[in-house]
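The values are calculated or read from the model by the stated rules, or taken from the named source; none is laboratory data. If you're wondering where the values come from, they're calculated on a predicted model, not measured in any experiment. Here Cβ is always computed from backbone atoms with ideal geometry, including for glycine, and neighbour counts include all displayed protein chains.
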Amino acid sequence: MHEISDPRPVPAAGEGKRGEDGHLGYLLRQAAGVLRLRLDRAMADLEVTLPQFAVLTMLANYPGLSNADLARLALLTPQTVSVIVANLARRGTITRRPHSIHGRIQHIDLTDEGRDVLARCRQHVRTIEQDITRDISAGDEAVIRRWLVSIASREQATGA
């Protein structure tokens, strides 16, 4: 008869394969998960989800986008963007207007309320980003930013 041994304890973040010896992709995912959780909690008082924040941010930077453009830029599915746009419109943070040529396409813009909500969200994001970068130099942050952008740029260039 075999004895059943106690399972190994689950390592904490920073230990074992959840630490510096872990796979890089896992470590990126672990860090992204922590960031998402912190942002979700911070924006809950504004009743804004992280996907809604992404949509508001893209509209602030690229006014007049369509649902399809928003989905691509915010890294969301078209179905998710449709739900988000409907909810944001109900809340009064965005407006929709028909495309001048293609009747089914609608351009989406922020309202004054949308700009106000986004500004309050950005305050939370800025605080959290300052916290997660507090232990790295500005030069290291620049290197990390270039590296992350290069990963995304290479994938986009290869059609992935």
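Values as computed for the structure displayed
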{"item": "Matching residues, the stretch 47-71, being surrounded by 15 or more Cβ atoms within 10 Å (Cβ to Cβ), outside any loop (DSSP other than H, G, I, E, B), of a type outside the set (G, A, S) and out of contact with any Asp or Glu (no Cβ under 9 Å at 6 or more places or on another chain)", "result": "P51, Q52, F53, V55, L56, T57, N67, D69, L70"}
{"item": "Residues located in the stretch 92-108, provided they are under 21 Å from the mean Cα position of the chain (by Cα) and free of Cβ contacts under 8 Å to residues at least 40 places away in the same chain", "result": "T93, I94"}
{"item": "Unique match (being over 22 Å from V34 (Cα atoms) and in contact (Cβ under 8 Å) with a residue 40 or more places away in the chain) among V81, V117", "result": "V117"}
{"item": "Residue that is nearest to P63 (Cα to Cα), among those in the stretch 110-143 that are of a type in the set (A, V, I, L, M) and more than 17 Å from the chain's Cα centre (by Cα)", "result": "L110"}
{"item": "Every residue from the stretch 101-123 that is more than 19 Å from A44 (Cα to Cα) and in contact with a strand residue (DSSP E or B) (Cβ under 9 Å, 6 or more places away or on another chain)", "result": "R104, I105, Q106, H107, I108, D109, L110, T111"}
{"item": "The stretch 16-34 residues that are part of a helix (DSSP H, G or I), paired with ones that are of a type in the set (F, W, Y) and surrounded by 11 or more Cβ atoms within 10 Å (Cβ to Cβ) (beta carbon under 8 Å, 6 or more apart)", "result": "K17/Y26; R18/Y26"}
{"item": "Within the stretch 72-84, considering residues that are under 16 Å from the mean Cα position of the chain (by Cα) and of a type outside the set (S, T, Y), the one surrounded by the most Cβ atoms within 10 Å (Cβ to Cβ)", "result": "V81"}
{"item": "Any hit, the stretch 12-27, residues being loosely packed, with under 11 Cβ neighbours inside 10 Å and under 13 Å from the mean Cα position of the chain (by Cα)", "result": "no"}
{"item": "Condition check for R97: surrounded by fewer than 14 Cβ atoms within 10 Å (Cβ to Cβ), among the basic types (K, R) and at pLDDT below 95", "result": "yes"}
